[in-house]
1. Suppose we flag trypsin sites (Lys or Arg not before Pro) only when DSSP calls them loop and at most 15 other Cβ atoms lie within 10 Å. Which is the longest uninterrupted stretch of the chain?
2. Could you pull out every residue, at least 5 positions away or on a different chain, whose amide H is within less than 5 Å of the one on Val192? Hs are placed 1.01 Å off N in the peptide plane, and Pro or chain starts have none.
3. For the chain, report the translational diffusion coefficient in µm²/s to the nearest whole number, using Stokes-Einstein at 20 °C, 1.002 mPa s, and a Kirkwood Rh over Cα pairs.
4. Which one of Asp107, Asp187, Asp85 has the biggest mean-square fluctuation once the chain is modelled by GNM with Cα springs under 10 Å?
5. Out of Leu86, Ala52, Leu100, whose Cα points farthest toward the positive end of the dipole of the range 2-221 (charges: +1 Lys, Arg; -1 Asp, Glu; placed on Cβ)?
6. Provide the percentage of antiparallel DSSP beta bridges, counting only those with both residues in the chain; round to the nearest 5.
7. State the Cα centre-to-centre distance between the range 158-193 and the range 76-149 in whole Å.
8. What's the longest uninterrupted piece of the chain once you rule out the GluC sites (Glu not before Pro) that are loop residues per DSSP with at most 10 other Cβ within 10 Å?
Amino acid sequence: MVFCGAGLSAESGIPTFRAASDHALWSRYDPEELASIEGFTRNPDRVRGWYAWRRGLVAEAMPNDAHHALAGWHEALLVTQNVDDLQERAGAPDERILHLHGSIVHDRCHDGCGWVGPVESEAGGGRSECPRCGGVARPAVVWFGETLPQAVWTRACRACSETDLLLVVGTSGVVQPAAMLVEMAADGGAYVVNVNPEPTPLDALADASIHAPAAGVLPALLPD
């Protein structure tokens with residue numbers, strides 16, 4: 001099993017959220033205004049515009065060597081906090097990927113009818129109206145204060161409790177409840193390998209830590 005964070009896609013040019021850098025998203029933008037129901041309610045056009053910009057970054061980015069190495073590890077389930085589609089574009093099938101925080105390349109109905117659809121606009125702005133019920137449409141990502149998709153979370157927890165090997169890639173280990181997955185795997189007896197350029201709190205749970213960029217490590221670490 002693999003548990004991925006924003007550091008995996010950072011090597012493809014997609015900014016992380018919390019890195020100690022001026023390029024980290026939450027060092028430049030207010031998450032309460034751009035990634036919360038309250039911020040969306042106050043100014044939906046601003047939120048949609050910000051996501052259109054982020055979708056443009058994702059569209060221009062290419063999967064890196066780490067994405068390709070993970071896609072080639074056919075036995076592994078990939079649980080990711082990333083909302084981009086770089087892992088799919090690297091060749092990993094949808095059934096092997098669990099998106100804990102949703103997908104930025106999809107919109108969904110904010111009014112709860114259950115509609116989810118791909119973003120089709122070339123500008124990446126997405127829809128303002130749900131095509132099924134006429135309600136409000138929004139990016140299909142998990143915002144602050146929202147719960148993770150239950151079916152995805154349940155499957156991820158079960159996989160962590162049963163796996164014998166957990167590879168952690170590019171995550172700070174501070175975002176809850178997602179970070180609990182590493183503890184679940186360790187408590188279940190899994191061998192935990194943590195790959196991250198810098199030390200993280202997850203090193204304390206890992207049996208082995210590799211402090212290096214994933215794109216340089218994973219192709220050598222994983223089976224072809």
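Laboratory data are not the source of any read-out in this text; all were calculated from the coordinates shown. Treat the numbers as computed from the prediction; the structure is a model and nothing was measured. All Cβ positions, glycine included, derive from the backbone under ideal geometry; neighbour counts span all protein chains shown.
1. Longest run free of exposed loop sites: 19-131.
2. Those qualifying (amide H under 5 Å, at least 5 residues apart or on another chain) are Leu166, Asp207, Ala208.
3. After rounding, the answer is 119 µm²/s.
4. Judging by the Gaussian network model, the answer is Asp187.
5. Ala52
6. Just about 35 percent of them are antiparallel.
7. 24
8. Values: sites that count: Glu75, Glu120, Glu122.
The segment 123-224 is the longest one with no such site.
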